[in-house]
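Colleague: Quick one: the structure is below, and I'll ask about it shortly.
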Amino acid sequence: MIRIAICDDEQNIRAYLVSLLKKDNTEFGADIAEYSSAEEYISDDKEYDILFLDIELSGKDKKKNGMELARVIRKGNKKQPVIIFVTGYEKYVYDAFDVSAFHYLIKPISEDKFTDVYKKAVSKVLAERNHRRHVMIVPYHNGSKSITIKEVFYAESQNHKIILHTYSGTIEYYAKMEDLENELKDSFFRIHRGYLINLDHVEEYNKSEVTLSNGESLLISKYKYTEFVKAYLRFIKNEDEGV
């Protein structure tokens, strides 16, 4: 599922982009949201993979045009979307480099150009997802350490520390389990307050525990069981489809 936002004060442009997105999303699903102003986008506080953003965006706050919204997004600590600027004036395009915009579309939008830019954006999103699924960076001694996600069986929360249980032993560092959970949410699941497990290492499970490929059995909260099963089946389905 690709999460897409369209932020443009022209309803007809939003409708046109939605129609093009629905036509081009035959291989995978897309969750599409529309916003008519920067204020509306910011107040919704959601995260997206791709953002189609009107540079000449207008709203209650005249200073919050599309470029200013992009700057706010880039300064934030949330997930960074691939930004595709939509504009009626090509002169604004050069400012896009200041906010690491991926590409731009000139109004009136050519369907062929849209398809080309959109497919490249989706490829970038999927490549980033694939990278996140394979590698994680953790604090290690006075620096950092790169770990292949495949080698992590599970993460344990203990005394304000994260303990990673891996093929080669354990790695401990200070961090919040909630932050790690958000980082690894596509391939890990928090079965208990103290355990975040790698779904790729699940061997078997029942309503009281989950057994991993290293032979360890971990307690699963009764409140988490139903969501865990859904997450695990979704993970297996995505792996089979190569998503």
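The values are calculated or read from the model by the stated rules, or taken from the named source; none is laboratory data. Everything quoted here is computed from the prediction, not taken from an experiment. As a convention, Cβ positions derive from the backbone with ideal geometry for all residues, glycine included, and neighbour counts pool all protein chains shown.
Colleague: Condition test on Lys161, is it farther than 21 Å from Lys79 by Cα, of a type outside the set (Asp, Glu) and in contact with a strand residue (DSSP E or B) (Cβ under 8 Å, 6 or more places away or on another chain)?
Modeller: yes
Colleague: Something else: Can you tell me which residue among Leu69, Leu53, Leu21 is under 30 Å from Glu239 (Cα atoms) and surrounded by 14 or more Cβ atoms within 10 Å (Cβ to Cβ)?
Modeller: One residue alone meets the criteria, Leu21.
Colleague: Assuming Ala231 fulfils every condition listed in (1) part of a strand (DSSP E or B); (2) closer than 29 Å to Lys46 by Cα; (3) of a type in the set (A, V, I, L, M) apart from one, which condition is it?
Modeller: Failed condition: (1).
Colleague: Here are Ser43, Ser58, Ser36: which of them is more than 30 Å from Phe235 (Cβ to Cβ) and in contact with a Cys (Cβ under 9 Å, 6 or more places away or on another chain)?
Modeller: Selected residue: Ser36, the only one of Ser43, Ser58, Ser36 that is more than 30 Å from Phe235 (Cβ to Cβ) and in contact with a Cys (Cβ under 9 Å, 6 or more places away or on another chain).
Colleague: Checking the conditions here, which among Tyr167, Tyr174 is of a type in the set (Phe, Trp, Tyr) and in contact with a Lys or Arg (Cβ under 6 Å, 6 or more places away or on another chain)?
Modeller: Tyr174
For every residue, the table says whether it meets (1) farther than 19 Å from Tyr225 by Cα; (2) not acidic (Asp, Glu); (3) not assigned by TED's automatic domain parsing to the domain that holds Lys222.
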site	(1), (2), (3)
Ala155	no, yes, no
Tyr167	yes, yes, no
Thr170	yes, yes, no
Leu180	yes, yes, no
Glu183	yes, no, no
Ile191	no, yes, no
Glu203	no, no, no
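Colleague: Another question about this same structure. Which residue out of Tyr232, Tyr223 is under 18 Å from Ile149 (Cβ atoms) and out of contact with any His (no Cβ under 9 Å at 6 or more places or on another chain)?
Modeller: The match here is Tyr232.
Colleague: While we're looking at this one, here's another question. Starting from segment 16-33, keep only residues that are farther than 12 Å from Thr115 by Cα and modelled with pLDDT under 85, then list their pairs with residues that are among the aromatic types (Phe, Trp, Tyr) and not in a helix (DSSP H, G or I) whose Cβ atoms are within a distance under 8 Å, requiring at least 6 positions of separation or different chains.
Modeller: Partner pairs satisfying both residue conditions: none exist.
Colleague: What do you reckon, is Lys222 closer than 26 Å to Lys46 by Cα and either in contact (Cβ under 8 Å) with a residue 60 or more places away in the chain or outside any strand (DSSP E or B) (or both)?
Modeller: So Lys222 fails the test.
Colleague: Look through Ser217, Ser146 and report the one residue that is free of Cβ contacts under 8 Å to residues at least 40 places away in the same chain, touching a strand residue (DSSP E or B) at 6+ places or on another chain (Cβ under 9 Å), surrounded by fewer than 11 Cβ atoms within 10 Å (Cβ to Cβ) and not assigned by TED's automatic domain parsing to the domain that holds Arg129.
Modeller: The unique qualifying residue is Ser146.
Colleague: What number of residues within segment 97-119 satisfy the criterion of being loosely packed, with under 14 Cβ neighbours inside 10 Å and not polar (S, T, N, Q)?
Modeller: Qualifying residue count for the region: 8.
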